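Take a look at the structure below.
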Amino acid sequence: MAFKKYLILILAVMNVASYAQTTAKLTISNDSKLTVSKYIYGQFAEHLGHGIYSGFWVDRSLPVEKQGRIRMDVVKALKKIKIPTLRWPGGCFADEYHWRDGIGPDAQRPRMVNTNWGGVTEDNSFGTHEFLELCSLLGCEPYIAANVGSGTVEEMSKWIEYVNSNSTSTVVEQRKKNGHPAPYKVTFWGIGNESWGCGGNMTPDFYADQFKRYAAFAKNYPSAPLKKIASGPNSGDYNWTEVCMKNIPANLMWGLSLHYYTVPTGNWSHKGSATSFDESEYFKTMENCLEMENLVTKHSAIMDKYDPDKKVALVVDEWGVWTDVEPGTNPGFLYQQNSLRDALIAATTLNIFNNHCDRVRAAALAQTVNVLQSLILTDKDKMLLTPTYHIFDMYQMHQDARYLPIKLNSPEYELDGKKIPAINVSASQDASGKVHISLVNLDLHNNITISANLKDIHWKTVTGQILTSVNITDINTFQQPHKLRLESFKGAKKEGIDLLVVMPAKSAVMLELE
Ligand code: AHR
């Protein structure tokens, strides 16, 4: 009898324990005037592998719809998810790029070796005009990274004049002769890239001085006030942020960049496969992905010391997962497949950025097509949308919407004695009053029930979309391009004044409340 009682007690405890592990409490409040900047959803395209060449810019003979040599299937897909910015020409490539090589008649453009990426010949057929034409087709704003490492102040300053000025000068006449009479009005300018590494191996003190010098000659032309972005820290290099914030007056820079990549194993010489990994490697990858929360929090705290009014944006203009390249591909081309794991990384990272929108006001996923964590993969005339693309599709609802603060009590996802929060969330309200809540369940096994209180937000109906799949390693291929795609989500309902959501294991969901 005593044993029976004990057994009942044990079972009751187990029940409570399993209940505690699979439920989350969420509160969403109306109390904020902050905006989730659309620029958080920016993209990055470097002269690297098949990112530009084959990705955006193709041979005239390729049987796809084209505008000049720009492939329109890729453009149309990116337009659909409203990419706000495209960063170009690098990356490391930016600090060996000389813009004058990429203007004028094709046949006269010099050829160069792309020393960073595979040692291939760069024929400069895709230059300033082609990039700006691409941005206009995409309906996005260009973000140009200027060469500080191997360039000069004069070179950068003339590039800006060439692109933005409407006065009479030799370079402006050149632009007109090259087919663009009106100034392009490009406002986003990066002053170097990774100046602590491939951009010149500088110390932060040296770079801060260089920034001030370059920034002094990066001029505003009519209707094109520049948003100058300083080359910021690598991952957790807090000293870089400290020195830049201390030495560069806040009114000289619009933003300070931060680069952080999620390397699955955490080991750069053996990063891990994009498609073949076990639960332990998945768990490690997600731990590394969640490190973004730490980085953004700590870099922001340093920025707050010198810029309490948060005038300077933290611009995470290179982020994403970086795996080993696909077997048999050029190691210098950084071509990798994209699985459900990538999608959960994107969804989680974007939730982090949204929740830090007071400081993170721009970002760029690395890199849009065929490189690292791409939105799109191409193979000659074929193209496919990756799982990451579908996350950006769902999350476009947050662009320029009003940020809604959240409080979350998430269960842990536990493996081999280590724990990470299973659920992450962000929320916003658009101009028409609709509330969007993006939720991620990182747990590979447990569905999690979320009970959400929306305090003083009024709503009547809830609909949703979900991205998930049978296996965390599932990918879209050219043979099966729609294995992962957005499906309608029926796991959310109104119960009294609360929102109840059953989040399937390994899934990302976007809810719309009206
Ligand atoms: O995105 C690939 C490379 O990663 C970029 O060129 C560089 O800035 C970073 O190290």
Open item on the list: Checking the condition hydroxyl-bearing (Ser, Thr, Tyr), in the same structural domain as residue 318 (by TED's automatic domain parsing) and farther than 18 Å from residue 476 by Cβ, which residue from 349, 386 passes?
Closed with: 349
Open item on the list: Taking the criterion of being under 30 Å from residue 308 (Cβ atoms), away from the ligand (no atom under 16 Å from the Cβ) and either in a helix (DSSP H, G or I) or in contact with a Phe, Trp or Tyr (Cβ under 8 Å, 6 or more places away or on another chain) (or both), would at least one residue in the stretch 363-381 satisfy it?
Closed with: no
Task: Filter result for residue 57 (within 16 Å of the ligand (Cβ to nearest atom) and touching a Phe, Trp or Tyr at 6+ places or on another chain (Cβ under 8 Å)) - done: no
Task: Residue pairs meeting the criteria (Cβ under 7 Å; at least 6 apart or on separate chains; first at pLDDT below 95, in the stretch 187-203; second within 14 Å of the ligand (Cβ to nearest atom)) - done: none
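Conditions tested, residue by residue: (1) under 18 Å from residue 57 (Cα atoms); (2) not hydroxyl-bearing (Ser, Thr, Tyr).
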site	(1), (2)
121	yes, no
144	yes, yes
157	no, no
163	no, yes
Task: Set 242, 173, 194: member being acidic (Asp, Glu) and either in a loop (DSSP other than H, G, I, E, B) or outside the structural domain of residue 116 (by TED's automatic domain parsing) (or both) - done: 194
- [ ] Being assigned to a loop (DSSP other than H, G, I, E, B) and among the small types (Gly, Ala, Ser) is the filter; apply it to the stretch 477-511 and report the residue that is nearest to residue 443 (Cα to Cα).
- [x] 505
Task: Considering residues of the stretch 247-280 that are more than 16 Å from the ligand (Cβ to nearest atom) and of a type in the set (Val, Ile, Thr) only, the residue surrounded by the most Cβ atoms within 10 Å (Cβ to Cβ) - done: 248
- [ ] Just give me the residues in the stretch 417-476 being under 14 Å from residue 351 (Cβ atoms) and either in the same structural domain as residue 389 (by TED's automatic domain parsing) or part of a loop (DSSP other than H, G, I, E, B) (or both), in sequence order.
- [x] 422, 442
TODO: Considering only the stretch 337-361, state which residues are under 30 Å from residue 311 (Cα atoms) and within 16 Å of the ligand (Cβ to nearest atom).
DONE: 345, 346, 349
- [ ] State whether the residues of the stretch 148-168 include one that is surrounded by fewer than 22 Cβ atoms within 10 Å (Cβ to Cβ), touching a Pro at 6+ places or on another chain (Cβ under 8 Å) and at pLDDT 95 or above.
- [x] yes
Open item on the list: within 15 Å of the ligand (Cβ to nearest atom) and either without any contact (Cβ under 8 Å) to a residue 60 or more places away in the chain or not assigned by TED's automatic domain parsing to the domain that holds residue 28 (or both): is that true of residue 334 in this structure?
Closed with: yes
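The values are calculated or read from the model by the stated rules, or taken from the named source; none is laboratory data. Fair warning: this is a prediction, and the values are worked out from it, not measured in the lab. Ideal geometry is used to build each Cβ from the backbone, glycine not excepted, and the neighbour counts take in all protein chains shown.
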